[in-house]
1. For the range 79-104, which positions are among the acidic types (Asp, Glu), within 42 Å of the chain's Cα centre (by Cα) and part of a helix (DSSP H, G or I)?
2. Specify the residue that is surrounded by the most Cβ atoms within 10 Å (Cβ to Cβ); the eligible residues are those in the range 144-190 that are β-branched (Val, Ile, Thr) and touching a helix residue (DSSP H, G or I) at 6+ places or on another chain (Cβ under 7 Å).
3. Picking from Ile212, Ile190, which residue would you name as being in the same structural domain as Glu121 (by TED's automatic domain parsing) and either under 14 Å from Gln134 (Cα atoms) or in contact with a Leu (Cβ under 6 Å, 6 or more places away or on another chain) (or both)?
4. So for the range 195-207 (the condition being aliphatic (A, V, I, L, M), closer than 25 Å to Val161 by Cβ and at pLDDT 90 or above), does at least one residue qualify?
5. Using the structure shown, decide if Leu242 is under 22 Å from Phe43 (Cα atoms) and either surrounded by 11 or more Cβ atoms within 10 Å (Cβ to Cβ) or of a type in the set (A, V, I, L, M, F, W, C) (or both).
6. I'd like the full set of residues that are touching a helix residue (DSSP H, G or I) at 6+ places or on another chain (Cβ under 6 Å), in contact (Cβ under 8 Å) with a residue 40 or more places away in the chain and among the β-branched types (Val, Ile, Thr), limited to the range 39-86.
7. Looking for whichever is on the phi < 0 side of the Ramachandran plot and in contact (Cβ under 8 Å) with a residue 40 or more places away in the chain here; the options are Ile144, Ile135. Which one fits?
8. Looking at Gln124, Gln134, Gln109, which one is assigned by TED's automatic domain parsing to the domain that holds Arg185 and over 21 Å from Phe187 (Cβ atoms)?
Amino acid sequence: MNTNYQSSNDMKSLWSKKKENNQISLIKKIYEVLFILIALTNFIIVLFDALYLYKLPYYHCTLRDVLLHHYPENFKKYFDPIKVWDPIKGIEPHRFTVSYLENYQKLKQSYEKLIGTSPVERIQIKKEIDKQLQILIELSEDMIDRRSVDSHFYLANKDGVLEKIKNIMRQYKPNPENSAKQAFRDFFSIENLNPDNDKWQKEFAFFDREIIPLMKENYFRWIGEDGEPKDNFYKIDRWFVLFFILDFLGRWFANRKRYKKWYLFPIHHFYEIFNLYPPHHSAVFRLLRIIPLYIRLKENRFIPDDGIMPEIIHENAKIIADEISGLVLVNIIEQTKNRLKEQGKLDLEPQTIDALETILKKQMDIFSNKIMPELEPMITEMVHYSINRAAEPFLLSPIGPLVRIILYNIHATVREGLEAAFNSPEGLERLNKILHSSVEKILENMTASENQEMLIKDITNFLEILKEDIANNYIKES
């Protein structure tokens with residue numbers, strides 16, 4: 001009774017421990033999923049930050065410029081990434097750009113006021129337009145005259161954008177001097193933007209489409225106390241780093257008994273330094289957080305054990321190798337067969353014949369030493385049968401009994417002689433000589449001209465059958 005009671009308690013204890021382990025495993029799995037989501041979110045933010053002001057190869061623009069030109073206007077009222085990220089990178093609108101755009105907008109508004117106004121009001125508005133056109137010409141000339149560190153586009157590293165603006169204006173308003181300043185003068189002239197016709201609407205549409213977006217690429221960025229451009233990304237990143245540090249310390253404490261020495265855990269997880277140490281101005285170092293993220297994904301089997309790309313490469317390489325190898329093998333056999341047919345003979349070099357003879361002689365040695373002794377009973381039986389056939393007429397005569405006695409002795413003598421021949425060195429040597437002579441005769445007949453045609457025919461037939469067999473197997477596998 002006590003034994004049954006104790007057994008029941010043991011079962012309950014085991015079941016309780018198993019349930020507890022399953023709960024711990026589930027909690028651990030949930031935490032790992034949470035960690036991966038946070039780490040992945042951090043890497044996406046880090047990647048966005050690294051590309052925000054990085055000049056993309058071949059495109060000569062940054063991610064900020066791409067968003068500036070291509071981000072949908074309808075989405076900006078819900079979320080504008082430039083308004084969010086510019087303050088993080090310490091970016092402010094450039095004072096010159098702001099002044100230029102403000103004066104340009106005033107000019108457009110003045111032209112729009114002309115619609116539906118009285119003649120007296122039109123005169124006053126035209127005077128304002130003349131002043132604003134002159135201001136924009138002066139601002140444009142000042143923008144072009146400033147060079148190197150004095151350029152309004154220098155701090156943003158956007159001197160290339162200024163060159164693009166100048167080239168667009170030269171093409172749109174060509175002049176004999178090919179001068180960008182003259183192109184701006186022509187554009188903002190009263191003749192070009194005549195208030196008395198509708199041409200000014202077309203001109204403003206061009207400027208809004210081609211020049212204004214490029215002007216908005218320019219910006220001003222303060223310099224911090226460390227001498228580097230101001231960057232507040234650390235204020236966001238530090239919370240992720242704190243989470244990574246707490247995760248590292250927690251796993252170190254939980255796995256302290258796994259290693260012989262308590263300090264071995266950081267050594268085995270040295271790659272997590274990219275999560276734990278956040279250099280303020282090194283985007284490349286932060287991008288290396290992909291390494292601990294990738295390893296954590298593999299450890300939790302969220303990606304295949306061999307990784308993603310190795311598996312894809314391996315599978316495709318295997319398919320390509322199978323496709324090519326089958327076709328190449330069939331092609332080689334076909335070419336070999338055609339060449340034999342065209343030549344009409346086997347051009348065997350002396351070295352080839354010697355090598356073939358060596359191979360055949362070695363096989364004959366094996367045959368005489370190992371196989372022939374095993375065949376001795378069959379050879380003996382064949383000799384007995386031959387003797388019996390030759391003595392058959394005498395066995396039916398009156399002296400038949402005497403012949404039978406003599407044949408018995410002959411059979412015994414033949415059997416003993418063959419056994420001695422196959423077991424003695426002298427007998428094996430004679431057998432080897434016979435076999436080697438056979439090899440030489442075979443090779444002589446093989447290289448003889450009268451046997452070449454028959455041999456080539458047999459070889460090509462064999463190659464044709466082999467080619468068809470390989471092709472059929474290749475089609476089945478495909």
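1. Asp86
2. Of the residues in the range 144-190, the ones β-branched (Val, Ile, Thr) are 144, 149, 161, 165, 168, 190.
Within this subset, residues satisfying the condition of being touching a helix residue (DSSP H, G or I) at 6+ places or on another chain (Cβ under 7 Å) are 144, 161, 165, 168, 190.
Values: Ile144: 18, Val161: 20, Ile165: 23, Ile168: 17, Ile190: 14.
Residue satisfying both the conditions and the ranking: Ile165.
3. Step by step, each of Ile212, Ile190 is checked, and only Ile190 is in the same structural domain as Glu121 (by TED's automatic domain parsing) and either under 14 Å from Gln134 (Cα atoms) or in contact with a Leu (Cβ under 6 Å, 6 or more places away or on another chain) (or both).
4. Within the range 195-207, one or more residues are aliphatic (A, V, I, L, M), closer than 25 Å to Val161 by Cβ and at pLDDT 90 or above.
5. In short, yes.
6. Val46
7. Ile144
8. The match here is Gln124.
The values are calculated or read from the model by the stated rules, or taken from the named source; none is laboratory data. Just so it is clear, the structure is predicted and the values come from calculations on it, not from any experiment. Neighbour counts run over all protein chains shown; Cβ positions are idealised from the backbone, glycine included.
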